[in-house]
1. First select every other residue whose beta carbon is under 15 angstrom from the beta carbon of B:F412; then total the charges, Lys and Arg +1, Asp and Glu -1.
2. Between region A:176-253 and region B:56-79, how many Å separate their Cα centres?
3. Filter the GluC sites (Glu not before Pro) in region B:43-151 to those in DSSP coil with at most 15 other Cβ atoms within 10 Å of their Cβ, and list the result.
4. Please determine, in degrees from 0 to 90 and to the nearest 10, the orientation of helix A:172-193 with respect to the longest principal axis defined by the Cα atoms of chain A, where the helix direction is its Cα long axis.
5. Ranking B:M492, B:M222 by Cβ neighbours within 10 Å, fewest first, what do you get?
6. Anything over 25 Å Cα to Cα? Flag those among B:K244/B:K480; B:K239/B:K480; B:K213/B:K405, in the order listed.
7. Return B:T6, B:T228 ranked ascending by Cβ neighbour count within 10 Å, so the fewest neighbours appear first.
8. Fewest Cβ neighbours within 10 Å first, please rank B:S215, B:S494, B:S243 accordingly.
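Computed from the coordinates by the stated procedures, all read-outs in this text should not be read as laboratory data. No experiment lies behind these values; they were computed from the predicted model shown. Here the Cβ is made from the backbone with ideal geometry for all residues, glycine too, and neighbour counts use every protein chain on show.
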Amino acid sequence: MSDFLLNWLINIPGFAAPFALAALGLIITERAGVLNLGAEGFMLVGALAGVGAMLNGSAPLLALGGSVVAGMLLGLLFAVMVASLRINHVISGLALVFFAQALVSFIASAERWNNKAIAGLEPVFLGQDVVIFAVPLLTLAVLWLLNKTRFGLSLRAVGENPGAADAAGIDVTAMRFAAIVIGAGLIGLAGGYLTVAVARIWVDTVVGGRGWIAIALVIFARWHPWRAVLGAVLFGCIEALIPRIAATGADVPRYFLQMTPYLATLGVMIWAALRGSDRWAQPAALGQHHIREERD
Amino acid sequence: MTDTLTLSSVSKSFGGFRALDTVDFVARAGEVHALLGENGAGKSTLMNIACGLYAPDEGHVAIDGKTVRISGARDAAARGIGMVHQHFKLVPAFSVLENIMLFNPGRSPAEVAGKAQDLARQMGFEISLSDKAGTLGVAEQQRIEILKVLVAGARIIILDEPTAVLSPEEGRMLMGLVRKLAEAGSAVILVTHKLHEALHHSDRITVMRGGRKISETTPEGMDPASLTTLIVGEQIIEKPQLSKAVGPIEVELENVTLGGEAGRKGLVDVSFRVRRGEIYGVAGVSGNGQNELSAAIMGLSFPSSGRIGMNGLGDVSKRGPGYRRRHGLGCIPVDRYSHGLAGRISVTDNYAVNGAMAGAYGGWGFFKRGLAQAAAREAVAAYDVQGVRSLGQRAGLLSGGNAQKLVIAREFEGAPRVVLAHSPSRGLDVRAGAAVHERLRAARDRGAAVILISDDLDEIMLLSDRIGVLNSGRLTREFKAPAERGDIGAAMVSHE
């Protein structure tokens with residue numbers, strides 16, 4: 001039993017980190033008023049970039065850097081679509097996910113990266129790797145960025161009332177561009193961590209809906225970084241439990257166990273809706289375009 | 001006295017429409033300069049050029065005698081121009097301090113806070129910098145807007161219809177503040193369509209009409225009638241006409257209580273009756289339950305207690321808008337573009353939607369477009385809806401007055417026995433407003449019971465046979481026309 005607990009606890013941070021990183025990236029994007037349903041797509045390109053870099057002999061941390069860059073590149077495309085061209089946020093996000101899914105399976109099969117084990121990121125302390133220890137620091141950095149800097153003030157103003165931000169001389173399009181690209185980098189890192197540190201292999205389904213769970217997590221966290229990390233740990237607990245239960249040989253159907261994170265996601269969203277206060281926590285201009293009125 | 005801001009021979013067109021035609025305008029330090037005109041006269045366009053949102057097609061802008069090109073809001077602020085918009089540009093979720101900081105980038109919170117407090121004290125009001133802007137009343141929010149531009153060092157302060165959202169008392173206080181700003185050396189531009197503000201609180205008056213400057217004068221020797229003539233180009237003076245024949249009760253509210261939107265009071269125990277052939281005016285400062293009352297009557301929200309009776313139907317308080325409309329309710333909602341019309345569909349479709357629901361243009365399967373078009377054509381002519389180039393044109397392209405006429409044409413088509421009109425002339429110029437009023441009187445004279453909700457006391461006084469005052473969600477007083485304007489005004493703002 002104590003083995004079971006220890007194994008479980010030691011695995012939680014690894015499962016929680018991708019959720020936390022993706023949620024932080026989503027918070028930065030969404031606090032600027034951009035509804036980002038593309039998280040799954042950003043994670044996928046990050047995950048593939050990580051594997052690709054490792055298979056080509058790069059060091060794990062460098063590979064994670066590649067994930068960040070890959071996420072940002074896809075973020076640039078998303079930014080052009082929603083910030084510059086003002087395409088509907090929902091449709092752009094969904095289109096991006098499907099595009100990313102097709103893109104990664106194409107590249108992975110063309111490069112023959114499927115099912116090849118990679119070395120991966122090694123633990124440095126208490127069985128945890130360096131990214132785990134970076135997550136709290138990153139959370140602090142995001143909080144500082146949002147609440148203590150001029151950039152953060154402008155970013156939040158754009159998400160709450162783009163008309164007011166515009167009148168104060170803030171370039172709404174540029175702010176959203178920046179928020180999307182920075183956020184996409186973090187979500188790409190979340191994907192890279194999944195392959196480089198956790199799975200250590202590429203399969204097309206490696207991200208497995210974690211981007212969608214991260215979106216629900218952000219709603220649950222009411223767009224607040226610490227609460228998002230807390231939620232990430234909660235989901236990490238559930239995910240880390242699945243292989244443990246399977247390993248005990250308990251008679252629980254495998255596919256039911258694999259369904260539990262999504263079940264928990266639905267539960268969390270329903271709970272958040274019933275509590276009802278989220279309408280005020282959501283950035284007021286989330287998903288809205290800003291077009292300066294030409295005439296009164 | 002120095003000319004602080006000079007606009008010389010400024011012209012501006014929007015897609016072929018000449019919004020400004022060689023206008024000259026000068027604002028001087030220490031002066032309050034009132035800019036008067038109807039909607040569409042070009043006031044806002046002129047001020048948007050002054051604060052750098054638009055570039056003029058012709059003419060130029062000078063500050064302290066030097067010609068400048070203002071490249072945007074931030075550049076305007078850096079040159080000492082501060083615009084206080086009619087629709088506040090505050091972030092409701094931000095604290096007062098954060099809102100001021102947003103407008104004053106690159107300065108430390110401590111510096112901004114100190115300066116804001118100093119300036120507030122000089123202007124004679126108190127502020128709490130940590131309050132969330134969204135929780136403040138409109139008058140306080142407006143002071144934050146003013147403070148925002150003052151902290152940024154504005155010497156030329158443009159106030160766009162600043163008293164439109166204020167109670168008469170708050171308006172008077174604001175005018176006192178405006179005078180202080182001028183005395184402190186600022187050039188203040190007061191954009192308004194209220195004559196008494198121009199007459200009593202400004203040093204100079206510029207009147208615009210149709211994109212041109214009509215006159216520049218001082219308040220001395222002017223009176224409301226002469227100013228009105230300048231503004232509209234002719235004299236339109238509406239006179240109250242009381243009802244001649246009042247019939248039985250047609251609609252009745254009894255102790256209607258309704259929760260408000262977040263933080264609002266909603267309605268508390270509201271009771272009144274309206275008879276056939278009478279206009280019942282509901283006066284009050286906006287935000288005192290008008291939206292809730294209109295939603296309760298239209299059937300968009302159901303009261304939590306109380307009843308709404310319609311003659312012959314009994315209690316309809318839990319019936320939806322479709323039922324009430326089928327049984328003789330006609331509505332002119334406050335926001336004609338979001339509740340009155342669907343802007344992106346055609347004039348015909350907007351007009352025909354009522355009749356189509358009633359089956360006038362065919363049954364379930366087919367929509368007889370020809371019939372609908374003929375009906376729409378007739379209505380457009382009968383209600384004098386101008387600017388309809390074709391019946392297939394999008395309704396959103398109609399100007400405010402004509403959009404309102406189209407709503408009225410549709411709503412009055414079935415000769416409703418109960419009419420609800422919520423601020424029907426808001427945003428309309430004098431002429432279009434008078435046309436709307438004429439329609440409401442005609443509806444009353446043919447025997448409808450008319451409920452008029454308006455925050456424009458002049459409109460209420462002009463039309464109503466009886467007047468109820470809505471204050472903090474309660475109907476606190478009732479008056480019979482003709483009533484004293486001062487008494488109604490007092491009831492609107494009293495805190496009993």
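1. It works out to a net charge of +3.
2. Here the answer is 52 Å between Cα centres.
3. B:E126
4. Taking the Cα atoms of chain A, the angle to A:172-193 is about 0 degrees.
5. Lowest to highest Cβ neighbour count: B:M222, B:M492.
6. B:K213/B:K405
7. B:T228, B:T6
8. The most exposed by this proxy come first: B:S494, B:S215, B:S243.
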